Amino acid sequence: MRSSSSKLSLRFWQLALFVGFLAFWYVATSPTLLPPIYFDDPHKAAFFFGEPVKVFERTWEWFAGGTIYAHLWVTLLETLLAFVIGTAFGLAMGLWLALSSTASALLDPYIKALNSMPRVILAPIFAVWFGLDVASKVALGVTLVFFIVFFNVYQGVREVSFTVVANARILGASERQLLRHVYVPSAMSWVFASLHNSVGLAFVGAVVGEYLGSSRGVGYLILQAEGTFDINAVFAGIVVLTAFALLLDWMVTVVERRLLVWQPRGGETEKM
Amino acid sequence: MSAAVPALALEQVTVTFVSPDGGRYTAVRDTTLRVQPGEFVSVVGPTGCGKSTLLNVAVGLLQPSGGRVTSFGAPLAGLNRNAGYLFQTEALMPWRTARGNVAAGLEFRGVAAVEANSRADEWLQRVGLRGFGDRYPHQLSGGMRKRVSLAQTLILDPQIILMDEPFSALDIQTRQLMENQLLELWQANRKSVVFITHDLEEAISLSDRVLVLSAGPESHPIGEFAIDLPRPRDVAEIRLTPRFIELHGLIWHAMRDEVLKSYAQQLQ
């Protein structure tokens, strides 16, 4: 167990690193602080790399002025829908294929082919099919989330201990009860293990989809800024996305802790 | 006793496993085992002699290649509904609490959750785990998990209890505690027990009858011994009585050659 003082010093250095990075960024891109080292024009560094103060100002404007909320909401909605639909599909297909050897043998090459395909390339097709609104981004996110959940469920069902299944059968479990009380809980533990991945990819699907063509969302904001060479707004968009991704990840951790109480965690020594 | 309908009867059972590449392995050949209602029978034999195979046949997890299995006179089709099974390895559902695991069998049979849980709590108390109902299996020690398994099986009040080396992974003190507890529970509500073990002392101290199997492959019974030790027994104390030592010598004499044979096979 790490003592609280060394934890505090770790936090301090983490913060110092962040401040140091910002300071370096500020000094290196400021047109007046340093003589131009690499670029002939002192404003070029700021043009290429943005300026941290302006990035912060832009972010502040978005939140204070309220323009960002509608875009954030759209991105969040796309992420959530992609996550929920992708997980539901992955769970259903994973359970089905893991429990039916015929279906799994039949579909195996197709699953493999679809999984190895670079699925981001489907985004334009989805835009044609579902339009430029939320649906096409959700579709892209679903294709990303589905495979993660699918493979984890498949693995989870296959890895259920033979003894646990036999024991449940002998205790009188019907096929449906086996599914509900043995296979699904076992598969769910694998799904939760991949929760960070799948939420992250749902987010990637939403943002990439927006970036490739949309009229709303944080990805759209970045695209617009890029179109007008407003590098500070691009960085502001990236900052917002990163903060948002961290928030999502933290929420997943909270959910995970609540739902997986039955799993032993490292460092937990309670045993009597 | 032979006139009564046996709780479990394996008649001339042969089990041959066929591997995908066409290899054949006969684990058990022409084995007959009859267990009367309320009788405690142990099956001993060297490692790899097909003891677990016999138990899997008795519960219906395995179909015998030859021979007949009946339970209370009825031929076995599918799982043996009269039997409970205590596995050698971990069989608890890790995502259920101790209470949830013990109540599982009742829930599967359609008992309402509230009643199932309160009966599970009674059983947890009976196996000495009062207050541990909310723990998950990983929060319990090996001995405690075995107790949960025992309660999980006994709560359904099966007529036949099949036990596959249930205590072999436990340390010796825990093991003797568990053996005494098992005898106590069995004494209170006499069911048929088939207890598989490789430990001859354990077999003698628990049973009414000990069946000795030969070394595998094609293992078969080579001796059957009635254990006429008085009950109730304390497994730690009974080991010191002259009659126990006498029986031990007798059965060990019959087993020794088979153990050596099995040991030689493992070295090959």
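The values are calculated or read from the model by the stated rules, or taken from the named source; none is laboratory data. Just so it is clear, the structure is predicted and the values come from calculations on it, not from any experiment. Note: ideal-geometry Cβ built from the backbone for every residue, glycine included; neighbour counts use all protein chains shown.
Sub-6 Å Cβ pairs linking a first residue in region A:53-64 that is within 14 Å of A:T29 (Cα to Cα) to a second residue that is in a helix (DSSP H, G or I) and among the small types (G, A, S), at least 6 apart or interchain, are A:V55/A:A236, ordered by first then second residue.
Being more than 14 Å from chain A (Cβ to nearest Cβ), within 30 Å of B:I155 (Cβ to Cβ) and of a type in the set (A, V, I, L, M, F, W, C) is a condition met by no residue of region B:16-31.
Flag: B:T26 does not match the condition of being touching a residue at least 12 places away in the same chain (Cβ under 8 Å), assigned by TED's automatic domain parsing to the domain that holds B:W252 and either surrounded by 20 or more Cβ atoms within 10 Å (Cβ to Cβ) or outside any strand (DSSP E or B) (or both). The helices (runs of 4 or more DSSP H) found entirely in region A:101-209 that carry 1 or more residues being touching a Phe, Trp or Tyr at 6+ places or on another chain (Cβ under 8 Å) are A:101-116, A:134-158, A:162-170, A:175-178, A:184-193. Residues that are away from every other protein chain (no Cβ under 14 Å) and in a strand (DSSP E or B) within region B:151-193 comprise B:S192, B:V193, listed in sequence order.
Of the helices (runs of 4 or more DSSP H) entirely within region B:198-268, those holding at least 2 residues that are of a type in the set (K, R) occupy B:242-267.
For the condition assigned to a strand (DSSP E or B) and either outside the structural domain of B:T14 (by TED's automatic domain parsing) or not hydroxyl-bearing (S, T, Y) (or both), what is the one hit in B:V69, B:V57? Walk me through it before giving the result.
Working: B:V57 fails: assigned to a strand (DSSP E or B).
Result: B:V69 is the single residue among B:V69, B:V57 that is assigned to a strand (DSSP E or B) and either outside the structural domain of B:T14 (by TED's automatic domain parsing) or not hydroxyl-bearing (S, T, Y) (or both).
Entry remark, region A:20-65: residues being small (G, A, S) and either surrounded by 14 or more Cβ atoms within 10 Å (Cβ to Cβ) or closer than 18 Å to A:F229 by Cβ (or both) number 5 in total. Taking the options B:L183, B:L200, name whichever one is in contact with a strand residue (DSSP E or B) (Cβ under 9 Å, 6 or more places away or on another chain) and farther than 19 Å from B:V259 by Cβ. Criteria check complete, one pass: B:L183.
Does any residue of region B:165-188 turn out to be at positive phi and surrounded by fewer than 20 Cβ atoms within 10 Å (Cβ to Cβ)?
Filtering region B:165-188 for residues at positive phi gives B:165.
Now drop any that are not surrounded by fewer than 20 Cβ atoms within 10 Å (Cβ to Cβ), which leaves B:165.
Looking for residues that are at positive phi and surrounded by fewer than 20 Cβ atoms within 10 Å (Cβ to Cβ), one finds at least one in region B:165-188, hence yes.
Condition first: modelled with pLDDT under 90, assigned to a helix (DSSP H, G or I), within 11 Å of another protein chain (Cβ to nearest Cβ) and touching a Gly at 6+ places or on another chain (Cβ under 8 Å). Can you find one or more residues in region A:213-227 that meet it? No, there is no match, as no residue in region A:213-227 is modelled with pLDDT under 90, assigned to a helix (DSSP H, G or I), within 11 Å of another protein chain (Cβ to nearest Cβ) and touching a Gly at 6+ places or on another chain (Cβ under 8 Å).
Candidates A:L17, A:L34, A:L10, A:L97: the one that is under 30 Å from A:S186 (Cα atoms) and of a type outside the set (S, T, N, Q) is A:L97. Remark: pairs (first residue in region B:74-98, more than 7 Å from chain A (Cβ to nearest Cβ); second residue among the acidic types (D, E); Cβ separation under 8 Å; 6+ apart in sequence or on different chains) = B:L86/B:D164; B:Q88/B:D164; B:Q88/B:E165; B:T97/B:D134; B:A98/B:D134.
Filter region B:88-101 down to the residues that are in contact with an Asp or Glu (Cβ under 8 Å, 6 or more places away or on another chain) and buried (at least 24 other Cβ atoms within 10 Å of the Cβ) and list them by number.
Result: B:A98, single match.
Filter region B:120-150 for residues that are part of a helix (DSSP H, G or I), more than 12 Å from chain A (Cβ to nearest Cβ) and either crowded, with 17+ Cβ neighbours inside 10 Å or aromatic (F, W, Y) (or both) and give the result. Of everything in region B:120-150, those that are part of a helix (DSSP H, G or I), more than 12 Å from chain A (Cβ to nearest Cβ) and either crowded, with 17+ Cβ neighbours inside 10 Å or aromatic (F, W, Y) (or both) turn out to be B:A120, B:D121, B:W123, B:L124, B:R126, B:K146, B:R147, B:L150. Taken over region A:169-178, the criterion of being more than 7 Å from chain B (Cβ to nearest Cβ) and either in contact with a Leu (Cβ under 7 Å, 6 or more places away or on another chain) or among the acidic types (D, E) (or both) is satisfied by A:E175 alone.
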